[in-house]
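Since every read-out is calculated from the coordinates, none of them should be taken as a lab result. Remember, it's a predicted structure, so these values are computed and weren't measured experimentally. Positions of Cβ are backbone-derived with ideal geometry, glycine not excepted, and every protein chain shown enters the neighbour counts.
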Amino acid sequence: MGLVVLLATGVTSLVSGHPSDAWVFTLHAVAGVVVAGLLAAKLWRVRNRVRSRVSVLLALVAGGALLSGIAWVFGASLRLGPWGLLNLHIGLGLLVAPLLVIHLRSRFRLPRRADFRDRREALSFGVLLGAGIAAWRVQGAVNDALDTVGARRRFTGSREEGSRQGNRFPVTSWVADDPAPVRPETWTLTVRGGPEPLELTYDELTPETSEAALLDCTSGWYSEHDWQGIRVGDLLDMAGAEGKWVQFRSVTGYRWSFPLAEARDALLATHVDGERLTHGHGFPLRLVVPDRRGFQWVKWITEVRVTDRRDRSEWFVVFVSGL
Ligand SMILES: Nc1nc2c(c(=O)[nH]1)N[C@H]1C(S)=C(S)[C@@H](COP(=O)(O)O)O[C@H]1N2
Ligand SMILES: [Mo]
């Protein structure tokens, strides 16, 4: 049960960026503390009679996921090529799912009514939950008192990097996207969804608006900048495009959609803090969508599509684009 809560909140947290989603992260953390306690107790109980390899692997992977999560909270870092400690945490966490399924195949029984009526069980669950919340509180106090790197993190767990310094913040791809630099002479932006596609060349793009917004990557960093560009709503009006969903497509095929109202408020940025975007940050055009996670801020945009139905293929494409 605890592991299922961790998996569900962990996966949900990847698409949570609005401050009103903060509970997802809190629940994930408290459940983590509770499961750490349960796992330690269970390992102690079965210490002399573990038979299957899957069980051992599950214990190792789940333990690793818990430890990496706790280490992150206290400000630890790790360099693993393009990835960091939080990527390791996510990887181990996701690996728990198949191992858990195999592990439970032979052991699982649905909880019976009596299990819920058992006073002692309910009581110990309550105590565990209370201890989890208390541990979470103590963690905050310890981090603050020691002024660790972990103390200065957003509700998403992300830590600040290179804010307000133009292009000097981390360059990241979600999985493997790594296109050749886009040549402005041959690049065009196409807007579909109106009576006719609207096509703009690089020279026809004039940044008209500036907006402060915070990019928060699921690999554990955030960066705040003033972005200059074109309001998506203005572009859609120019194209006469109408519909319910707006999709932003990269030269690589990478793409993501947003509901019309939210997309209209978003920015297609050409500049960051007054500097022209570098290739790594999405030159010539990248999306700026406040309160959405970094992977939704599509880079190297070449097309905007307005449609009535959401394109579900993007959930798959963002994982394989560039491979
Ligand atoms: N086309 C495309 N856009 C992308 C990505 C990608 O892999 N391909 N990665 C996303 C991710 S995961 C993040 S965190 C941000 C990172 O932007 P930055 O490299 O400018 O910091 O871009 C997003 N936009
Ligand atoms: Mo990201």
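Step by step: find N for segment 112-247, compute 2.2 N^0.38 Å, then divide the Cα radius of gyration by it. What's the final number?
1.74
Distances over 16 Å make up what percent of all Cα-Cα pairs in segment 1-74?
Pairs farther apart than 16 Å: 53 percent.
Tell me the angle of helix 22-45 to the major Cα principal axis of the chain, expressed in degrees between 0 and 90 and rounded to the nearest ten.
30
Let me spell out the model: positive unit charges on the Cβ of Lys and Arg, negative unit charges on the Cβ of Asp and Glu, origin at the Cα centre of the chain. What dipole size does that give, in debye rounded to 20?
Using only the charged Cβ atoms, the result is roughly 2800 debye.
Relative contact order, percent, of the chain when contacts are C-alpha pairs under 8 Å separated by at least 6 residues?
Once normalised by length, the contact order is 17 percent.
Share of Cα-Cα pairs in segment 106-149 beyond 14 Å, in percent?
Tail of P(r) above 14 Å: 67 percent of Cα pairs.
Taking only DSSP H segments of four or more residues, each worth -39500 (n - 2.57), what value at 222 nm results for the chain once the sum is divided by all its residues, to the nearest 500 deg cm²/dmol?
Counting only the DSSP helices, I get -13500 deg cm²/dmol.
What residue among L88, L104, L27 has the largest mean-square fluctuation in a Gaussian network model of the chain, using Cα springs under 10 Å?
Of L88, L104, L27, the Gaussian network model singles out L104 as fluctuating most.
With only alpha-carbon pairs counted, each pair once and no self-pairs, how large is the Kirkwood hydrodynamic radius of the chain in angstroms?
Kirkwood hydrodynamic radius for the chain: 22.0 Å.
Once the Cα atoms of helix 85-105 and of the chain are each reduced to a long axis, what angle between those two axes, in degrees from 0 to 90 to the nearest 10, is obtained?
Helix 85-105 sits roughly 50 degrees off the main axis of the chain.
Most exposed first by the Cβ proxy, i.e. fewest other Cβ within 10 Å, how do F108, F155, F169, F248 rank?
Neighbour counts put them in this order, fewest first: F108, F155, F169, F248.
For segment 48-149, state what percent of all Cα-Cα pairs lands in each successive 5 Å bin, counting from 0 Å until the bin that includes the largest distance.
2, 10, 13, 14, 16, 19, 13, 7, 4, 1, 0
Exposure proxy check: I301, I70 ranked by fewest other beta carbons within 10 Å?
Numbers: I301 22, I70 18.
Going from sparsest to densest Cβ surroundings: I70, I301.
Could you tell me which GluC sites (Glu not before Pro) in segment 185-259 are loop residues by DSSP with no more than 14 other beta carbons within 10 angstrom of their beta carbon?
Working: sites: E185, E199, E204, E208, E211, E224, E242; in loops: E185, E208, E242.
For GluC sites (Glu not before Pro) across segment 185-259 that sit outside H, G, I, E and B with at most 14 neighbouring Cβ atoms in 10 Å, the list reads E185, E208, E242.
Kindly state, to the nearest 0.05, the FRET efficiency for V171 paired with R105, given R0 = 35 Å and r defined as their beta-carbon distance.
Computed FRET efficiency for V171 and R105: 0.25.
Quick one: grab the alpha carbon gyration tensor of segment 219-323, order the square roots of its eigenvalues as a ≥ b ≥ c, and give me rounded if a/c is under 1.5, else prolate or oblate depending on whether a/b is larger than b/c.
Oblate.
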